[in-house]
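Trainee: Here it is, the structure in full.
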Amino acid sequence: MFKFAKYLADKGSVVNIAKNTIRSVSKSASDTSSLAAVSNDTDEPIDIPNPYQKERSICILCKHNIVPDYKNVRLLSQFQSPYTGRIYGRHITGLCKTKQAEVETAIIRAQACALMPTYHKDIDFIKDPKLFNPEKPIRPHKY
Ligand SMILES: [Zn+2]
């Protein structure tokens, strides 16, 4: 940059000066126009929707309007660990509180009716598509 400036000074200072004047003139013109634009607008805040607002997430059962039933064993087995039969927590299933409670009561009821196994997942439903990944919970466990 410095070299370039020096070169310009050596070569033709007249051209340089002319360029500078043109630039300054155009700059001042643009400044006045921007000032005019600002003065026309009001300085009051504009009403816009919050850009940082998170999208409301709906749990999968609410989204499809499903009421968990103790006879719907195939659905309930999705919320059960295939290894231990444990009912997955809300941090894994991502259900809302009411639906999670409904699922848990339905599973316990189904197990009491011997429709569902307690300590493992039904072998017929092992290859069902998974609604969530228990290895990667939606949020960390609270304990
Ligand atoms: Zn829900």
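FYI, it's all coordinate maths here, none of it is from the lab. All values derive from a computational prediction rather than experimental measurement. Neighbour counts run over all protein chains shown; Cβ positions are idealised from the backbone, glycine included.
Trainee: What FRET efficiency, computed as 1/(1 + (r/R0)^6) with R0 = 41 Å and r the Cβ-Cβ distance, is obtained for Ala114 and Lys142, rounded to the nearest 0.05? Intermediate results must be reported in sequence, preceding the final value.
Mentor: Working: r = 33 Å, r/R0 = 0.79.
Approximately 0.80, to the nearest 0.05.
Trainee: What size of dipole, in debye to the nearest 20, comes out for segment 88-143 about its Cα centre when the only charges are +1 on Lys and Arg C-beta atoms and -1 on Asp and Glu C-beta atoms? Write out the running numbers ahead of the final one.
Mentor: On the way: 10 positive and 6 negative charges, 67 e Å.
The dipole magnitude comes to about 320 debye.
Trainee: Same structure again: Using the Cα centre as the reference, give the magnitude of the dipole from point charges on the C-beta atoms of segment 60-125 (Lys, Arg: +1; Asp, Glu: -1; all else neutral), rounded to the nearest 20 debye. Don't skip to the end; give the middle numbers.
Mentor: Details: 9 positive and 5 negative charges, 39 e Å.
It works out to roughly 180 debye.
Trainee: A follow-up question, please. Relative to the present Cα-Cα distance, how much length would full extension add between Glu135 and Asn50 at 0.36 nm per residue of separation?
Mentor: 27.2 nm
Trainee: With point charges of +1 on the Cβ of Lys and Arg and -1 on the Cβ of Asp and Glu, referenced to the Cα centre of segment 60-125, which listed residue (Leu75, His120, Gly94) lies farthest in the positive direction of the dipole?
Mentor: The residue sitting farthest along the positive end of the dipole is Gly94.
Trainee: What FRET efficiency comes out for the pair Asp124/Ser57, r = Cβ-Cβ distance, R0 = 30 Å, nearest 0.05?
Mentor: On the way: r = 31 Å, r/R0 = 1.04.
Working from the Cβ atoms, E equals 0.45.
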